[in-house]
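The values are calculated or read from the model by the stated rules, or taken from the named source; none is laboratory data. Because the structure is a prediction, the values reported are computed rather than measured. Positions of Cβ are backbone-derived with ideal geometry, glycine not excepted, and every protein chain shown enters the neighbour counts. Heavy atoms of the whole protein, side chains included, go into the accessibility calculation; ligands, DNA and RNA do not. Shrake-Rupley method; radii C 1.70, N 1.55, O 1.52, S 1.80 Å.
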Amino acid sequence: MASLFVLLELEIGSLRRQRIFRDRLNPLDAYTDVEFISRYRIRREMFLELHDKIETFMSRSTSRSHSLSVTTQLAVTLQFLATGSFQTVVASAHGISQPSVSNCVRGVIDALCSIAKEYIQFPTAARQMSMQHGFMEKFGFPKVLGCIDGTHIPIVAPSTNEAIYVNRKSFHSINVQAICDDVFKFIDVVVKWPGSTHDAFIWRQSGINLKITSKEIPILDGWFLGDSGYPLRPNLMTPLLSPVTPRERRYNRAFLKTRKTIECTFGIWKSRWRSMDKTGGSLCYSPERVCKLILSSMVLHNFCVDCGLQIDIENLESDMPYTETEDTEHSDNGILVRENIIINYFT
C-alpha cells in the first residue's frame, strides 16, 4: 500500500508545472514576447533600441551603492504610461519603492523629451508629396498636408490658476493640438495650453502656423484639414456646415473621411498609452510635468509607428465632435480656395 502511495505521488509530481522564478528587475528576461508587449507596449528589440537612445541622458550621480539600471527605469516608465496605474502599483510590480518609481519616471520622461525633435518633425518636401498621394488614394481628398485637431488630457485641479484649466466639458485638462500624416503619425504637436484655450487660438499661436505664414519652412501647395472649430484659411480647410449641391456633399464626405485620420491617431495613441486616456484617470501632477508626460508618450507613439508596431484601429473611441461657435472667423481667401477645391476636384 505504501508503495502505491509513493507511485501516485511521483505521478502527480511529474504533472505539476515547474515554478518559474522571475527577476522583476530584469524584464528583458522575465517575460515571454506576448507578456512583454502587454506590459510595456513595445517589442523587446524596440526596448533595446529605445534604451540606447536615452542612455546618455540617464547617467547621473547617486549616493546609493546600487542605483537602478536604465533598463529598470525604462521598464517602470513604460508600464506607468501604458497602464495609467498609481505609482505604488507599478512599484510593487517591479519590486521597488514608490519614490523610486517617481524618480524613474521623471528621468526617462526628461530623456524622451530631449529626443522629441528626432521623432516629431514636419516632413520634408518629398515626404509631403508622398503624404498627399497617400491621403488622396485612401480618401479622395487632394493636396492634404495633414489633419489637425485638439484633444484634452485630464489632470487634477492645479493649485494655481485652477479656473483656466476647466475645458468646455467641465473638467480640468491640457488642450493638446496635433497634426498627423496619412500613416497615423504625429508631424507637429503643441503641448502647453490649459483646457479652456480655444482650438483656433492655439492654431493661430502655433509655431507651425507662424513658420508657414513667414515661409520659414518649405511647404508644398496644399492645405491642412480641421473641424468646424477652426477658421477657414487658404492653408486650412474646414467642412461645409450646410452642403447643398452634389459637389458640396461630395466635398464634405471626402473631407470627413480624411479628417478622421487625426481621430484614429489620437485613438491609437491613447489606446497604447492608457495614462493619456480618460479611462486612466486624471494625471496627478503639475501642469508643467503633465505636458512632459504627454510629449514623451507622443514620442513613443511615433517610435512605435516607425518600428511598424501595429494596433487595431477598429472601434477606437474618438473625442466628441466640436460644434462651431459664432466667433470662428473665415477669411475671404479661405472661402475662395474652398470653392475652387469643390469646383476642380469634386465635379
State yes or no: is residue 243 of a type outside the set (Asp, Glu), within 30 Å of residue 333 (Cβ to Cβ) and crowded, with 17+ Cβ neighbours inside 10 Å? no
Please give the helices (runs of 4 or more DSSP H) falling wholly within the range 70-170 in which 2 or more residues are within 30 Å of residue 35 (Cβ to Cβ). 70-83, 87-94, 98-114, 116-119
Using the structure shown, decide if residue 199 is farther than 26 Å from residue 77 by Cβ, at pLDDT 95 or above, in contact with a Lys or Arg (Cβ under 7 Å, 6 or more places away or on another chain) and among the acidic types (Asp, Glu). no
Does residue 69 fit the bill of being free of Cβ contacts under 8 Å to residues at least 40 places away in the same chain, surrounded by fewer than 18 Cβ atoms within 10 Å (Cβ to Cβ) and over 21 Å from the mean Cα position of the chain (by Cα)? no
Output the residues belonging to the range 13-66 that are among the hydroxyl-bearing types (Ser, Thr, Tyr), at pLDDT 90 or above and surrounded by 14 or more Cβ atoms within 10 Å (Cβ to Cβ). 40
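Results for (1) among the basic types (Lys, Arg); (2) open to solvent by 100 Å² or more (accessible area, probe 1.4 Å); (3) modelled with pLDDT of 85 or more, shown as yes or no for each residue.
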{"position": "286", "(1), (2), (3)": "no, no, yes"}
{"position": "291", "(1), (2), (3)": "no, no, yes"}
{"position": "301", "(1), (2), (3)": "no, no, yes"}
{"position": "304", "(1), (2), (3)": "no, no, yes"}
{"position": "311", "(1), (2), (3)": "no, no, no"}
{"position": "315", "(1), (2), (3)": "no, yes, no"}
{"position": "326", "(1), (2), (3)": "no, yes, no"}
{"position": "329", "(1), (2), (3)": "no, yes, no"}
Selection from the range 201-224 of residues in contact with a Leu (Cβ under 8 Å, 6 or more places away or on another chain) and closer than 18 Å to residue 332 by Cα yields 222, 223, 224
Hey, among the residues in the range 271-288 that are assigned to a helix (DSSP H, G or I) and either without any contact (Cβ under 8 Å) to a residue 60 or more places away in the chain or of a type in the set (S, T, N, Q) (or both), which one's nearest to residue 142 (Cα to Cα)? 271
Give me the pairs: first residue in the range 128-142 and at negative phi, second residue open to solvent by 30 Å² or more (accessible area, probe 1.4 Å) and in a helix (DSSP H, G or I), beta-carbon distance under 7 Å, and six or more apart or on different chains, which are they? 139/257; 142/136; 142/345
Among (1) touching a strand residue (DSSP E or B) at 6+ places or on another chain (Cβ under 7 Å); (2) modelled with pLDDT under 95; (3) not hydrophobic (A, V, I, L, M, F, W, C), which single condition is residue 242 missing? (1)
For residues in the range 153-165 being surrounded by fewer than 19 Cβ atoms within 10 Å (Cβ to Cβ) and in contact (Cβ under 8 Å) with a residue 12 or more places away in the chain, which is nearest to the chain's Cα centre (by Cα)? 156
Filter the range 207-233 for residues that are buried (at least 18 other Cβ atoms within 10 Å of the Cβ) and under 23 Å from the mean Cα position of the chain (by Cα) and give the result. 208, 209, 223, 224, 225, 226, 227, 229, 230
Condition met for residue 144 (crowded, with 18+ Cβ neighbours inside 10 Å, modelled with pLDDT under 95 and touching a helix residue (DSSP H, G or I) at 6+ places or on another chain (Cβ under 6 Å)): no
For a quick check of your reading of the model, give me the residue pairs whose first member lies in the range 81-106 and is among the polar types (S, T, N, Q), whose second is outside any helix (DSSP H, G or I), with beta-carbon atoms closer than 7 Å and at least 6 apart or on different chains. 100/68
Does residue 204 qualify as being open to solvent by 10 Å² or more (accessible area, probe 1.4 Å), touching a residue at least 40 places away in the same chain (Cβ under 8 Å) and not aromatic (Phe, Trp, Tyr)? no
